[in-house]
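Below is one structure, written out as structure tokens, with a few remarks after it.
The values are calculated or read from the model by the stated rules, or taken from the named source; none is laboratory data. What you are looking at is a predicted structure, and each value in this text was computed from that prediction instead of being measured. FYI the Cβ positions are ideal-geometry reconstructions off the backbone, even for glycines, and counts take in every protein chain you see.
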Ligand code: 6FA
């Protein structure tokens, strides 16, 4: 489901299970053994080492960043506010450094309560990046805060992609960070007996510490840890979203030794999440559990979104299924038809729809008391639809009926809480001893010897030597990292169009992982993508309760007291459902002789309203009108130099007939709405022609977050990326099981269809000879 709400600036930090630092002995800094954390997206490392005293008030720190990082900062506490922020940036081949502190979400000012000394011999700026090694004195406590030099305090990092305003000036102002994150710094394991001798040997001066002294000392008293032992797996699955969780469950159920790797952390309480609204403190009702908090995903603290795409994508356990509206549509037979691009052998949609529904039952009365809440917009919209010849149905009981039908929005919520694959497939996997789940581990590439994959390269050196996790003999890797994540891994692995592999090759963090050009596999990764174009119509009607437009300041901080109390008591009421209340479908013929399907999603309230005329924001509702099955437009996605996923060619309305057809559907709705008494169209307003409204629609607002097709399935390696067994062409043992393989959009919001395709994909993978 698409939302037009913008992501607001980050305003707070989260308390969730965090990644932890690991040991890093720096040969460039006298082999001092630091605790080090590397952020998985930008590749910036943050390190600390202390004297042997467990009550030390100083440390030696390092920030090491690849080229392209304009500035980076280490906050000495789990948040940007009221904690000293140690920052550095390169300028003309030298480093400029500063200590700052911020009391609000404003420009941090200079902080003078500590002493910073750059250790020149270990610091540098060169062609691959920059490194700042520094001594920080009087640094473990400050007015209003402190951290434990002998525990696992939470630290925060910040990254800026834009240079500070006056790079030569340590007091320069700078724009808000582009990204930030948190980790647990294991300071208890960061005390090194060579600390003082390193400093005595030259630290803090403009010359390097004498190499012989520091090398000798550390060699005798700082044994390096043995390399991490790697466990080989039959199947390594990358990404715990809709596709990956199903794949992992089916393969572990079949007795295979399975590793599921997720780059993000917990989501629902069951997975360890504890992002709980103030009104539910003391309960397990996290943002990801409570359906009515869906709209709060789009403001405030946004640790759950992937930071390396321009579009909304969930980077946490459950992937998109933990952050979406959970609209749940069992796939139609047409969705898996050859006409929709599936190879023959994929046409058992009915069978797999019932498997999915058996494990994750659909409900259109999400409140466990069986009552429907906030139904006013439903009642108004059916007055629009009935004169157009629509019939009311229980949609998932009639999954193949998608023409002129409407019904209550269906979800896979259970007992008033988000369920989805996390509370079903992942739960059963976790009970098996042959299944292992890693969170906060980022897979950079698959490691291959020509056509044979030998394992995956991660950013986590604790999971294997240099972060490598191997496969067992005949083992297989399945990429389920989503429509943007899977292509990124393929590009870094030398698989895809040449231009994208070259972009990955030039990236300072992952470029060295790209194999030699002689083993690149040229496939149309990123081409053929689709996403539903969607347009919002906003109406006002006196009977409608806009539910405060789902404003986060209300639903997260100050909900209607009776509704919050009802949910806390029995998981019932408005908070037991997400915002949508009604869905409808209609087949529309186009001037090109093709049929396209229109889907509508109706919800009380609106994210943004455009009109010159007064309106009552407490009585508005939105109809989001999408074009789905049958659309002909395709776009292309790829990466930029920072490996950020983006649309190289927007997928919406590339074929003008898609726009013509959607305009036809919108016109039918608007015309029929005219006969509903007291109903006013607010956006587009009466001065704005529908065609102009659609022509001027911001393309990014047209996005529905239903991306598919970036590693399309097919029968030819010139037009598809995976074969009919979901195996990547040109490889022996690399598969893709996620939204990327979908050849064309399904009829409805896609996560159930993706899960059904994952069920069938695993059946085919298991049946394929040569595997473990
Ligand atoms: N689909 C529906 O059916 N109903 C909806 O209501 C609905 N709404 C939304 C919505 O409101 C939003 C805001 C979004 C973003 C999507 C919505 N969708 C809806 C779409 C649906 O959620 C997605 O189509 C579906 O989740 C896609 O499933 P995939 O398996 O293809 O991909 P996911 O994004 O779910 O999972 C990928 C996982 O891989 C993530 O957990 C990610 O963190 C992980 N990952 C990515 N790169 C990785 C790497 N390099 N290493 C390790 N893990 C990685």
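Of the residues contained in region 336-344, none is found to be touching a strand residue (DSSP E or B) at 6+ places or on another chain (Cβ under 9 Å), in contact (Cβ under 8 Å) with a residue 40 or more places away in the chain and not in a loop (DSSP other than H, G, I, E, B).
If only one of 219, 248 is in a helix (DSSP H, G or I) and modelled with pLDDT of 95 or more, which one is it?
Working: 219 fails: modelled with pLDDT of 95 or more.
Selected residue: 248, the only one of 219, 248 that is in a helix (DSSP H, G or I) and modelled with pLDDT of 95 or more.
Summed over region 256-274, residues that are more than 16 Å from the chain's Cα centre (by Cα), surrounded by 24 or more Cβ atoms within 10 Å (Cβ to Cβ) and farther than 16 Å from residue 238 by Cα total 1.
For region 276-297, the candidate set comprises residues that are closer than 22 Å to residue 180 by Cβ and either surrounded by 24 or more Cβ atoms within 10 Å (Cβ to Cβ) or near the ligand (Cβ under 8 Å from one of its atoms) (or both); within that set, the residue that is farthest from the chain's Cα centre (by Cα) is 286. Within region 653-694, the set of residues being in contact with a strand residue (DSSP E or B) (Cβ under 7 Å, 6 or more places away or on another chain) and part of a helix (DSSP H, G or I) comprises 658, 661, 662, 664, 665, 666, 669, 670, 673, 694.
Scan region 431-451 for residues that are more than 10 Å from the ligand (Cβ to nearest atom), over 17 Å from residue 257 (Cβ atoms) and touching a strand residue (DSSP E or B) at 6+ places or on another chain (Cβ under 9 Å) and jot them down. So that I can check it myself, show each step before the final result.
Going residue by residue through region 431-451, those that are more than 10 Å from the ligand (Cβ to nearest atom) are 431-437, 446-451.
Subset that is over 17 Å from residue 257 (Cβ atoms): 446-451.
Within region 431-451, 446, 447, 448, 451 meet the criteria.
For residue 722, the stated conditions hold: it is within 16 Å of the ligand (Cβ to nearest atom), free of Cβ contacts under 8 Å to residues at least 60 places away in the same chain and buried (at least 18 other Cβ atoms within 10 Å of the Cβ). Scanning region 126-149 for residues that are surrounded by fewer than 18 Cβ atoms within 10 Å (Cβ to Cβ) and either over 21 Å from residue 35 (Cβ atoms) or touching a helix residue (DSSP H, G or I) at 6+ places or on another chain (Cβ under 8 Å) (or both) yields 126, 127, 128, 143, 144, 148. All of (1) at negative phi; (2) surrounded by 23 or more Cβ atoms within 10 Å (Cβ to Cβ) hold for residue 605 with one exception: (1).
Here is a yes/no grid of residues against (1) in contact with a helix residue (DSSP H, G or I) (Cβ under 9 Å, 6 or more places away or on another chain); (2) in contact (Cβ under 8 Å) with a residue 40 or more places away in the chain; (3) under 15 Å from residue 239 (Cβ atoms); (4) part of a helix (DSSP H, G or I):
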residue	(1), (2), (3), (4)
697	no, yes, no, no
731	no, yes, no, no
745	yes, yes, no, no
757	yes, yes, yes, yes
765	yes, yes, no, yes
770	no, yes, no, no
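When residue 539 is tested against (1) assigned to a helix (DSSP H, G or I); (2) closer than 30 Å to residue 686 by Cβ, just one condition goes unmet, and that condition is (1). Among the residues of region 300-323, are any part of a loop (DSSP other than H, G, I, E, B), modelled with pLDDT of 95 or more and away from the ligand (no atom under 12 Å from the Cβ)? No: region 300-323 contains no residue that is part of a loop (DSSP other than H, G, I, E, B), modelled with pLDDT of 95 or more and away from the ligand (no atom under 12 Å from the Cβ).
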